[in-house]
1. Only one of N54, N117, N163 is at pLDDT 90 or above and farther than 30 Å from L41 by Cα; which?
2. Please count how many residues of region 101-133 are within 15 Å of N54 (Cβ to Cβ), of a type in the set (K, R) and surrounded by 14 or more Cβ atoms within 10 Å (Cβ to Cβ).
3. How about region 122-145: which of its residues are modelled with pLDDT of 85 or more and either within 14 Å of D61 (Cα to Cα) or aromatic (F, W, Y) (or both)?
4. Any idea which of V62, V58, V78 is in contact with an Asp or Glu (Cβ under 8 Å, 6 or more places away or on another chain) and surrounded by 14 or more Cβ atoms within 10 Å (Cβ to Cβ)?
5. Just checking, does region 27-45 include any residue being over 30 Å from M89 (Cα atoms), small (G, A, S), surrounded by 11 or more Cβ atoms within 10 Å (Cβ to Cβ) and not assigned by TED's automatic domain parsing to the domain that holds L165?
6. Of all residues in region 69-85, which are over 25 Å from I161 (Cβ atoms) and among the hydrophobic types (A, V, I, L, M, F, W, C)?
7. Inside region 1-106, counting only helices (runs of 4 or more DSSP H) that do not spill past its ends, which hold 3 or more residues that are touching a residue at least 60 places away in the same chain (Cβ under 8 Å)?
8. Kindly list the number of the only condition in (1) in the same structural domain as A143 (by TED's automatic domain parsing); (2) modelled with pLDDT under 85 that fails for R19.
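The values are calculated or read from the model by the stated rules, or taken from the named source; none is laboratory data. All figures in this text were calculated on a predicted structure; none of them were measured in a lab. Methodologically, a virtual Cβ is constructed for each residue, glycine included, from the backbone with ideal geometry; neighbour enumeration extends over all protein chains shown.
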Amino acid sequence: LGTRTYMLATIYQDMAERRRHEQANPTNTLAKLINDLQIRLDDMFTLTKEQKDNIRIVAQDVLYQSTCTAFKTLHVDVERQIKERQAEMKCTNIFGSPAREKVFHAKTKRICSSVRNAFRQDLRDSILGDKKCSLEMFTLATAAKYKCMGIGEAVSKADMIHNALLVRSHLR
């Protein structure tokens, strides 16, 4: 019984000493609280609608470039472009925090997969079924849909050649 009483007194003394120390150093406690809140915020981090829209816009633009040949690694190119233009893309709160970058990477992969699949379906529909159309009409429609700045004055020859090659490879 005496040992238990001594242990209890020691525990209370330690708690009282910690409390006195925290009262003497309130900034230390505040810093811990802010750090804890930061960790919790990183755990609950999600991308904003604008950030998701920007990822989709960049993905569509990169996908439709006439030089694009690596469709499965589209997300790598999109992430690189967004990281280079993070202020313009409203993504400055993402980079520098591994937890947030992980969320960004996962969402970018999903969005790029969706864009790639939509383009594949557009390509398929242009050569099969009710939506079948000429190469020029397909190029006009997809340029309007996928290019960031639209089609401009006219469809570029490079885009038409690229689409012709994609249609050709899809027919195999």
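1. Going through N54, N117, N163 in turn, the sole match is N117.
2. Count: 1.
3. K145
4. Working: V58 fails: in contact with an Asp or Glu (Cβ under 8 Å, 6 or more places away or on another chain); V78 fails: in contact with an Asp or Glu (Cβ under 8 Å, 6 or more places away or on another chain).
When all the criteria are applied, what remains is V62.
5. We begin by selecting, within region 27-45, every residue over 30 Å from M89 (Cα atoms); these are 27-33.
Now narrow it down to the ones that are small (G, A, S): 31.
Subsequent filtering for residues that are surrounded by 11 or more Cβ atoms within 10 Å (Cβ to Cβ) retains 31.
With not assigned by TED's automatic domain parsing to the domain that holds L165 added as a condition, the list becomes 31.
Yes - at least one qualifying residue is present in region 27-45.
6. I82
7. Counting at least 3 such residues, we get 49-64.
8. (1)
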